[in-house]
1. Looking at (1) farther than 12 Å from Tyr394 by Cα; (2) touching a residue at least 40 places away in the same chain (Cβ under 8 Å); (3) open to solvent by 50 Å² or more (accessible area, probe 1.4 Å); (4) not charged (D, E, K, R), can you tell me which one Leu493 breaks?
2. Which ones in segment 685-707 are farther than 22 Å from Gly616 by Cα, touching a residue at least 40 places away in the same chain (Cβ under 8 Å) and open to solvent by 20 Å² or more (accessible area, probe 1.4 Å)?
3. Could you tell me whether segment 484-491 includes any residue that is modelled with pLDDT of 95 or more, touching a strand residue (DSSP E or B) at 6+ places or on another chain (Cβ under 9 Å) and on the phi < 0 side of the Ramachandran plot?
4. Given the options Leu292, Leu280, Leu272, name the one that is of a type in the set (A, V, I, L, M) and under 28 Å from Phe346 (Cβ atoms).
5. Identify all residues within segment 412-430 that are open to solvent by 20 Å² or more (accessible area, probe 1.4 Å) and in contact with a helix residue (DSSP H, G or I) (Cβ under 9 Å, 6 or more places away or on another chain); write none if there are none.
6. Restricting attention to segment 137-182, report how many residues are assigned to a helix (DSSP H, G or I) and under 16 Å from Ala69 (Cβ atoms).
7. Among the residues of segment 446-479, count how many are at pLDDT below 95, farther than 17 Å from Thr315 by Cα and either touching a helix residue (DSSP H, G or I) at 6+ places or on another chain (Cβ under 7 Å) or polar (S, T, N, Q) (or both).
8. Residues of segment 708-730 being in a loop (DSSP other than H, G, I, E, B), in contact (Cβ under 8 Å) with a residue 40 or more places away in the chain and open to solvent by 80 Å² or more (accessible area, probe 1.4 Å), which ones?
Amino acid sequence: MIKRLFSLLGLCLFGFVSGQQSSADVTLEYYLPKSANYDASVPRPEQIIGHEVGEWHITHDKLIQYMTALANASDRMQLVSRGTTFEGRPIVLLTVSSPENLARIEEIKADQQQIASGEKVPGAENPVIIYQGFSIHGNEPSGSNASLAYAYYLAASDEALKMLENTVVLFDPSFNPDGLQRFAYWANTNRAHVINSDSNDREYSEVWPGGRTNHYYFDLNRDWLPVQLPESRARIETFHDWVPNILTDHHEMGTNSTFFFQPGEPNRVHPLTPKINQELTAAIGDYHEAALNEIGSLYYSEENYDDYYYGKGSTFPDVNGSVGILFEQASSRGHVQESENGLLTFPFTVRNQMSTAVSTLKAANGLKSQLQSYQYNYYKQLKVEAQGEKSSGYIFGSAKDYSSPWHLAEVLKRQRIKHQVMNEAVTISGKKYEAGQSYFVPLNQKNPRLIHAIFEERSVFADSLFYDISAWTFPHAFGVNYEKLSKKPTSALSESTELKLRSGSVSEKSTYAYLFEPHDYYASKLTHHLTQKGIRVKVAMAPFELEGKNYDYGTLMVPLQSQSLNADALFQEITELVKEIPVKVDAVSTGRAKGIDLGSNDFDPVKPISVALIVGDGISSYDAGEMWHLFDQRFGIKVTKLDTRTIERADLSRYNRIIFPSTSYGLNLSERTVDNLKQWVRKGGILIGYRNTVNWMKRNNLLDFETRTAEVKEAKGLGFDQRDKYEGAQVTGGAIFQATIDRSHPINFGFSEDKIALFRNTNIYIEPKKQSFENPIRYTETPLLSGYISEENLQVLKGSVPFVTQSMGAGRVIGFTDNTNFRAFWYGTNRLLLNALFFGESM
């Protein structure tokens, strides 16, 4: 496609001022196509929500109020709730089409499944399917506000009805209900009667964490592939139920920008995406071009944004036979702001989103046969690819961890990828895949490309710049072994059908002690609940053999001696806990073992933990949210969120663990606060810092370490227009690396092998200590597993350490350079943080 940059006489004024209306003057007609007639019986937004579109920022409750009223009034719409967010808001979907199509909607859906399997040639009777979603980032609100006008257009206009005869619109007015509500509250409570365009006004500076994210501060537009969050799970279920031909994702960008629509950067498209996909994206773009030309809006494409990471809403469809479209509108971030292009009003941003929503509908109709033929041929070709695969599929699993492989299988289930449970243990390439906790994924199924996208390692790229991460190999993320097999396993297999974790077990009632190994992902959850109930737990600092079974480093022991509960009550308590926690507990009748005995001093006590998590200004909300979600949703660990504004006054003695997520835009804590933290550590506290925080810890004499710096060659022969690529090539935006571990060190308890995969998105490189036992985690000399890192940074990464710790008085300070909890799906290294919490005193 020829790169577009629309220009007119009076460029800035025309695009951003003369075509705009203020919030006070706007009416619905400002947004609506003039070419259509509208049914007066259909309720207009202002009749239901009490204000014009764009006059105030729509709150999610009012958004749903209008969509419900519209669905009740129109025979073109059906509204359903697909679940709720973490804050209890409905995740709704409107199915929009002609009344005749809605009367046979299940037939249309069934036909679409056949087309999107390469089994049915699409015909004139088959409507084109588009999935239109808005404002997945809550503080990019023009999308959801435009959805009000667009929904009215779909329900009331004769023009829309004609197109709906050939189209089914899956309409999601708010991809992120919690974030939208948070931002609308901020923008509306800071709106003045006399609208102020000064960007210094409080209206345009949200308080931490801002409205971009969901309840736990996750960027929902990175979760289309991992599907870890309720909003994503609803979307993905809808996507796979329908397999739409087009999916659109309406966003916002910086105030000084204009409007972007795809295609994006042509050199940054994932290799698994067919070339024709980008050609169709460009053809759809012709319709957006016409729509924006008509209203005089500036725009561009083929810059900045890419189609690489399949976890984004505009890229995920591309590996599923659909066409994903990203829209990015310059953001007013309130009601009106001054910008490089003149005054940017909120209604103007809404109108651009509305115009491209309509142009998408027009594109779907105009390109119906091309889109349907592409999807049919895509899946027909995949059948050929699947049958021609040199490999039979992937095996993944673990010898000792049931839950981590199960959670990966859960992702496959949600992505409609068939997989089978291994009913017999096998050993492949020296790795044991235990029965019941290992799985086989055959490639000869509907979408082998999606399977490859999940399992592949990739380290060769056409470009060195990435809008997001460059690697996400799921077996590494989940910390499981995997192998690409030439032949299907000969051992017995059974279909994986359930999405429910199994229960744990207790072998029998003990008269002496209970033991459980630390390998299962949820072993720490059992440890936590036991200690919180006042039950004494100890951890083994060495392996041993007892009653014919080998127990590893980090095995947890619950002795009967000196417990507050008697033997019957203790057995009952553990039995109840493992009903919900999938850990196997062994009852033993003696303390005599080969190796350390159960009464050995090499069993350290495990203290009940009381955790504070630092949040607020200067802290990465993403990192903080990942930890909060991990503790709150998966492990049932109560966390106090201490704000950086109030920590100086906080009584730190209430906690024995304090976690500092990565800093963001500088962490400014008073000298008194730092002194309070040091005193708290000296009295026995465990202080844990992540990523950029380790540098802050070093500056404040909380940690002592030496760093390495990459030697980057001077730029020679590069023009001014190449400076961004030169600097961007040194960014490690997100890749996967291998490290060796000392399994005897408490930070590594639960790992059953001597190598782990770490996710890294920093350029902090720490020199190893002189004593080998002080380096329990160390990058290998060939660390890159998957993703992009510059040669200069790769050299200094080799042999460096991502973990440092040192004692301070009776306490300890711990630092991680890498994110062990990335985006909720990096299960494999969650245990590093949990080990720091539970076994910090033993380090």
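1. Of the numbered conditions (1) farther than 12 Å from Tyr394 by Cα; (2) touching a residue at least 40 places away in the same chain (Cβ under 8 Å); (3) open to solvent by 50 Å² or more (accessible area, probe 1.4 Å); (4) not charged (D, E, K, R), the odd one out for Leu493 is (3).
2. Taking segment 685-707 as the starting set, the residues that turn out to be farther than 22 Å from Gly616 by Cα are 701, 703-707.
Subsequent filtering for residues that are touching a residue at least 40 places away in the same chain (Cβ under 8 Å) retains 703-707.
Hits for segment 685-707 are Asp704, Glu706, Thr707.
3. Initial filter on segment 484-491 (modelled with pLDDT of 95 or more): 484-485.
After this cut, where a residue has to be touching a strand residue (DSSP E or B) at 6+ places or on another chain (Cβ under 9 Å) as well, the list is 484-485.
After this cut, where a residue has to be on the phi < 0 side of the Ramachandran plot as well, the list is 484-485.
Yes, there is a match, as at least one residue in segment 484-491 is modelled with pLDDT of 95 or more, touching a strand residue (DSSP E or B) at 6+ places or on another chain (Cβ under 9 Å) and on the phi < 0 side of the Ramachandran plot.
4. Numbers: Leu280 fails: under 28 Å from Phe346 (Cβ atoms); Leu272 fails: under 28 Å from Phe346 (Cβ atoms).
One residue alone meets the criteria, Leu292.
5. Of segment 412-430, the ones open to solvent by 20 Å² or more (accessible area, probe 1.4 Å) are 413-414, 416, 418, 420-421, 423-430.
If the condition is that a residue be open to solvent by 20 Å² or more (accessible area, probe 1.4 Å) and in contact with a helix residue (DSSP H, G or I) (Cβ under 9 Å, 6 or more places away or on another chain), then Arg414, Arg416, Lys418, Val421 are the ones that fit.
6. Summing the residues that are assigned to a helix (DSSP H, G or I) and under 16 Å from Ala69 (Cβ atoms) in segment 137-182 gives 10.
7. The total comes to 2.
8. The first filter runs over segment 708-730 and keeps only residues in a loop (DSSP other than H, G, I, E, B), leaving 709-719, 729-730.
Checking the rest, the ones that are also in contact (Cβ under 8 Å) with a residue 40 or more places away in the chain come to 709-713, 729-730.
Scanning segment 708-730 gives Thr709, Glu711, Lys713.
The values are calculated or read from the model by the stated rules, or taken from the named source; none is laboratory data. Not measured: the values here are computed from a predicted model. Don't worry about glycine lacking a Cβ; one is built from the backbone with ideal geometry, like all the others, and counts go over all protein chains shown. What goes into the accessible areas is simple: the full protein's heavy atoms, side chains included, and nothing from ligands, DNA or RNA. Shrake-Rupley method; radii C 1.70, N 1.55, O 1.52, S 1.80 Å.
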